[in-house]
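No value in this document is a laboratory result; all are computed from the given coordinates. This one's a predicted model, so the numbers in the text were calculated from it and none came from an experiment. Positions of Cβ are backbone-derived with ideal geometry, glycine not excepted, and every protein chain shown enters the neighbour counts.
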Amino acid sequence: MRASAPRLEIDLDKIEHNARILVARLTAHGISVTGVTKSTLGSPAIANAFLRAGVDSIGDSRIDNIERMRDAKIDSPMILVRSPMLSQIDRVVAGADISLNTELAIIRQLSASAVAAGKSHGIVLMAEMGDLREGILPSDMAEVVDATLGLPGIVLRGIGTNLACRSGVSPDDSNMAELSALAISLESIFGIHLDIVSGGNSANIDWAFNCTDPGRINNLRLGESILLGCETLHRRPLEGLYSDAITLFVEVIESKMKPSRPWGTITQNAFGETPLARDGGYIAQAILAIGRQDIDSHGLIPVPGIVILDASSDHLIVQSDGSKLTVGTELPFQLNYSALTRAMTSPFVTKVVKRLGT
């Protein structure tokens with residue numbers, strides 16, 4: 001018996017295939033892969049698929065997800081890929097081997113917690129390279145490195161950066177060379193070796209595949225490119241990868257012929273928006289049992305013949321180009337990263353992990 005809808009069907013073999021291909025291609029350029037599980041709520045099954053494919057470590061932005069994977073006995077170095085919260089410092093030291101950091105106040109607390117626990121904790125200092133999310137300005141990095149090196153219980157593992165998340169700044173030869181130069185400069189100034197120079201995320205794929213010299217960049221943090229089989233600057237499919245490893249199935253709960261144009265006085269909808277009025281005559285309209293509470297409707301990709309019209313909290317409204325859909329029918333959708341993250345987070349969307357062909 002199939003699981004109830006709405007549900008995500010997650011094909012581990014396709015995910016493992018995607019990860020294996022990316023690991024092989026990047027290894028040829030001297031770049032290791034941290035498999036990022038944050039959009040899957042730290043799924044142990046997906047983490048294990050990444051590891052079978054040869055990723056170097058597992059990364060997640062939430063310590064809760066890392067703890068979930070630890071409880072599931074995931075055997076891998078764990079990296080917290082967001083700066084720790086001061087309120088969670090002890091949990092970070094207990095659960096994560098490495099964390100990405102930008103604030104000395106937090107690093108000092110990590111030091112105190114690590115010493116109290118009799119442990120050492122790895123630090124990757126994040127450099128601001130123009131996207132204006134997290135990062136230490138390159139001109140300030142030496143001062144932060146100097147302070148970090150003097151802290152007990154802390155091991156400076158490397159530096160990194162993040163691009164194309166907030167402002168859409170593309171990784172390119174220029175900013176990657178700047179990060180490489182920063183790593184080389186810090187190593188020279190302090191007489192150290194940085195094990196990790198993490199150039200970014202799935203947005204770096206095109207650069208990594210096409211650059212002639214990656215310099216000191218030796219790590220990328222990949223999630224979306226593995227799970228959805230695409231690069232993330234233009235969302236183009238990557239050659240040889242599956243783009244349908246995860247599929248959303250949603251059930252039709254109403255199907256009627258209705259006018260396409262609303263009537264009455266038009267004000268704001270439930271989300272404070274003023275919808276654009278359409279007038280396409282009568283259409284075959286269906287309502288599906290999922291809504292904005294569960295997904296980003298703009299991130300859903302329907303099958304041919306289905307057009308997404310709108311979404312409320314609990315309803316997805318679609319138009320069928322053919323005849324009316326049958327109530328109880330399930331429609332499949334592919335998802336972009338935004339829709340996937342929200343669906344994985346929703347307790348109302350069933351997650352079904354399966355193998356290829358089952």
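As a rough guide to protection, the peptides 219-225, 339-345 ranked by mean Cβ packing within 10 Å, highest first, stand as 219-225, 339-345. Positive contributions from Lys and Arg (+1) and negative ones from Asp and Glu (-1), summed over other residues with Cβ under 12 Å from the Cβ of Pro138, come out at -4. Among Ile136, Ile74, sorting on how many other beta-carbon atoms sit within 10 Å of each Cβ, with the fewest leading, yields Ile74, Ile136. Working from Cα positions, state the angle (0 to 90°, nearest 10) between the long axis of helix 104-117 and the longest principal axis of the chain. Tilt relative to the chain: about 80 degrees.
Each Lys or Arg adds one and each Asp or Glu subtracts one; over the other residues with Cβ under 12 Å from the Cβ of Arg216, this totals -4. Entry note, the chain: the mean residue ellipticity at 222 nm calculated from DSSP H runs of n ≥ 4, each adding -39500 (n - 2.57), is -8500 deg cm²/dmol after division by the residues and rounding to the nearest 500. Here the Karplus curve 6.51 cos²θ - 1.76 cosθ + 1.60, taken at θ = phi - 60°, turns the phi angles of segment 139-150 into couplings of 5, 9, 5, 4, 4, 5, 4, 4, 5, 5, 4, x Hz, with x standing for Gly and Pro.
The protection proxy used here, the mean number of other Cβ atoms lying within 10 Å of each residue, ranks peptides 100-109, 35-44, 265-274 as follows, highest first: 35-44, 100-109, 265-274. Only lysine pairs 8 or more places apart or on separate chains count here, and in the chain those with Cα atoms under 26 Å apart total 13.
Taking only the Cα atoms of segment 169-327, the radius of gyration and Dmax are 23.6, 73 Å.
Each residue of segment 120-134 was assigned a 3J(HN,Hα) from its phi angle through the Karplus expression (A = 6.51, B = -1.76, C = 1.60, θ = phi - 60°), giving 10, 10, x, 10, 10, 8, 8, 9, 7, 10, x, 7, 6, 9, 8 Hz with x at Gly and Pro. Residues whose amide H comes within less than 5 Å of that of Arg292, counting only those at least five positions distant or on another chain, are Ser312, Ser313, Asp314, His315 (H built at 1.01 Å from N in the peptide plane). Roughly how far apart, in whole Å, are the Cα centres of segment 222-252 and segment 291-346? Cα centres, segment 222-252 to segment 291-346: 16 Å. Take the convex hull of the alpha carbons in segment 246-354; its mean projected area over all directions comes to 7.3 nm². Using a simple spin-label model with pseudo-atoms 7 Å out from Cα toward Cβ, Ile253 and Thr267 lie 2.5 nm apart. Of the residues His315, His121, His298, the one with the fewest other Cβ atoms within 10 Å heads the list, and the complete ranking is His298, His315, His121. The radius of gyration of the Cα set in segment 38-180, together with its Dmax, comes out at 15.4, 43 angstrom. Placing a label point 7 Å from the Cα of Asp314 along the Cα-to-Cβ direction, the residues of segment 247-269 with a backbone N closer than 14 Å are 253-254. Segment 100-139 and segment 1-53 have Cα centres lying 27 Å from one another.
With the largest listed first and rounded to whole Å, the semi-axes of the equivalent ellipsoid of the chain from the Cα gyration tensor are 42, 21, 20.
For the pair Arg236 and Ala147 in one chain, pulling the backbone fully straight at 0.36 nm per residue adds 27.8 nm over the alpha carbon distance.
The residues Val92, Val307, Val81, when put in order of fewest to most other Cβ atoms within 10 Å, stand as Val307, Val92, Val81. Full extension of the chain between Phe348 and Val303 gives 13.9 nm of extra length, using 0.36 nm per residue less the Cα-Cα distance.
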